[in-house]
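Read the figures in this text as sums done on the coordinates, not as results from a lab. As the structure is a prediction and not an experimental result, all values here were calculated from the model. Cβ coordinates were reconstructed from backbone atoms using ideal geometry, including for glycine residues, and neighbour counts include every protein chain displayed.
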Amino acid sequence: MKKKILFISNHASFFVSHRINLYEEALKRFYEFYLIFGSGASKVMEKNALIYIKKKKIKFSRLTFSNNNFSINDFVSLLSVIFFIRKFNPNIVHSASPKANIYAGISAFLFKKILLVISFSGMGYLFTQKKLDIITIFKKILFKFLLKFIFLKKKKKIIVQNKHDYKFLINNFNLKVKDIILIKGGSGIYLEKYKKIKKKKSKNIIMVSRILKNKGIIEFCKAAELLKKKYPEWKFILIGTKDYLSPDTIDDQIINYYVKNKIIKLLGYKKNIINILSSSEIFCLPSYREGMPKATLEALAAGVPVVTSDAVGCRESIINNYNGYICKTGSYLSLANKIEKLILDPKKRKIFSKNAINFARRNFSIKDITNKIYNIYEKN
């Protein structure tokens, strides 16, 4: 009989950008695959993702749960997942992203024979927010409580992308070493797409990210404002949608100030950034926390030196002073300092570029990462 995989994701766009490889491998191995996701946080991103999912003929159900808040929709969606599991009878329930992990965990807990695979691609907004109000503290406590309950399931595997999350989960949830797996390459990238890149000389400094505070967007803009005074010929380019719904969304007026004053150039959402990366000299991601940032992996594969923060996930995505620099988290001055070092040293940029490509090829093959995940499926 065919093995059946049910994959649960917060958003369709996240599945397409980070986990489509699991569906493609399912076809090769003759697995039956079904996708469940909630309501999208970005209309632009979800529209493109749905077009792609339908083109690929992926069987899916779209539920009404949101990644940003709790409501009656969550209870209805949870019941829908439970009823679907009973009907579809999957061998494996795999989830990624915080709320999807909760749904998958509670649902799969009710079915002893199902293998539950939970991927932590970061710990979400609750763990990046600096100012914690009573509601956020309550949500954080509830989230931890639910995870402790879910981790009582015997047939489970937890996948993490960095050493910090590995230690955090073991220390806080009494997980056994055999139940948690560190896959350092994040969700991986299709390296073959980057082999034909012809690097073009430019003075472009690029950041690819959702327009959120915890991604370090404000720090990027402030660093750009500081450096544009000294190096007006250099361009600071921000790629990402402004319509992403999150408690961490940045006010339009702030971004518009930097755009109107020609400090940064905002290109919005782009489906394919390879061409943009090919004409970039420096990539920035001053995020406050990540699992293993895919945008950084793509920049490295394209041979673009990286400046990223000394934050969970980010610091493990590069090697400091080998293929990029690590700056202080939350400091635009530190970010500007590291960018300036690369602006002033074209020889260093060239060395870092070669090192970046080699580093990506050694660590971020999506084929290797896909095989590791399917080994988890097949050995349990």
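Put a dot 7 Å past each Cα toward the Cβ at Ile106 and Arg86; how far apart are the dots in nm?
Label at Arg86, label at Ile106, 1.6 nm between them.
Filter Lys262/Lys348; Lys55/Lys379; Lys193/Lys372; Lys47/Lys228; Lys198/Lys260 down to the pairs with a C-alpha to C-alpha distance above 24 Å, please.
Those over the limit are Lys262/Lys348; Lys55/Lys379; Lys47/Lys228; Lys198/Lys260.
Would you work out which of Tyr31, Val76, Phe151 lies farthest towards the positive end of the dipole of the chain, given +1 charges on the beta-carbon of Lys and Arg and -1 on that of Asp and Glu, about the Cα centre?
Checking the options against the dipole of the chain, the answer is Tyr31.
Got a sec? Charge dipole of the range 1-82, +1 on Cβ for Lys and Arg, -1 for Asp and Glu; which of Val44, Met1, His18 is way out at the positive end?
Met1
Can you give the three extents of the C-alpha atoms in the range 273-339 along their principal axes, from longest to shortest, in whole Å?
Largest first, the range 273-339 extends 29, 25, 19 Å along its Cα principal axes.
Hey, what did the chain get for relative contact order, percent, Cα under 8 Å, at least 6 apart?
RCO, the chain: 15 percent.
What list do you get for Asp165, Asp251 if you sort them by fewest beta carbons within 10 Å?
Asp251, Asp165
Could you tell me whether the range 79-228 comes out rounded, prolate or oblate from its Cα gyration tensor? Rule is a ≥ b ≥ c as square roots of the eigenvalues, rounded for a/c under 1.5, then prolate if a/b exceeds b/c, otherwise oblate.
prolate
Stretch Ile274-Lys163 to full length: gain in nm at 0.36 nm per residue minus the Cα-Cα span?
Result: 37.1 nm gained on full extension.
Taking only C-alpha pairs under 8 Å that are 6+ residues apart, what is the relative contact order of the range 191-363 in percent? Could the numbers behind the result be given before it?
On the way: 327 pairs, mean separation 42.7, N = 173.
Relative contact order, the range 191-363: 25 percent.
Which order do Met45, Met1 fall in if you start with the one that has the fewest other Cβ atoms within 10 Å?
By the 10 Å Cβ count, ascending, the order reads Met1, Met45.
Excluding same-chain residues fewer than 8 positions from Lys328, which aspartates and glutamates have a Cα within less than 19 Å of its Cα?
Within reach: Glu219, Glu225, Glu290, Asp310, Glu316, Glu340.
Which net charge results when you count Lys and Arg as +1 and Asp and Glu as -1 among the other residues whose beta-carbon is under 13 Å from that of Asp345?
Net of charged neighbours comes to +4.
What is the dipole size for the chain, taken about its Cα centre, with +1 at each Lys and Arg Cβ and -1 at each Asp and Glu Cβ, in debye to the nearest 20?
Roughly 1060 debye for the chain.
Would you order Val177, Val93 from fewest to most other beta-carbon atoms within 10 Å of each residue's own beta-carbon?
Result, fewest neighbours first: Val177, Val93.
In degrees, nearest 10, range 0 to 90: what is the angle between the Cα axis of helix 332-343 and the longest Cα principal axis of the chain?
60
What angle, in degrees between 0 and 90 and rounded to the nearest 10, separates the Cα long axis of helix 72-88 from the longest principal axis of the Cα atoms of the chain?
On a 0 to 90 degree scale, this one is about 60.
Relative to the first principal axis of the alpha-carbon coordinates of the chain, what is the inclination of helix 217-230, with its axis defined by its Cα atoms, in degrees from 0 to 90 and to the nearest 10?
10
Rounded, prolate or oblate, given the Cα gyration tensor of the range 191-363, with a/c below 1.5 counting as rounded?
rounded
Just to confirm a number: summing +1 for Lys and Arg and -1 for Asp and Glu over residues other than Gly216 whose beta-carbon lies under 12 angstrom from that of Gly216, what do you get?
Once all neighbours under 12 Å are counted, the net charge is +2.
Dipole of the range 191-363, Cα-centred, from +1 at each Lys and Arg C-beta and -1 at each Asp and Glu C-beta, to the nearest 20 debye?
Roughly 880 debye for the range 191-363.
Quick check: Cα centre of the range 75-93 to Cα centre of the range 280-320, how many Å?
Cα centres, the range 75-93 to the range 280-320: 36 Å.
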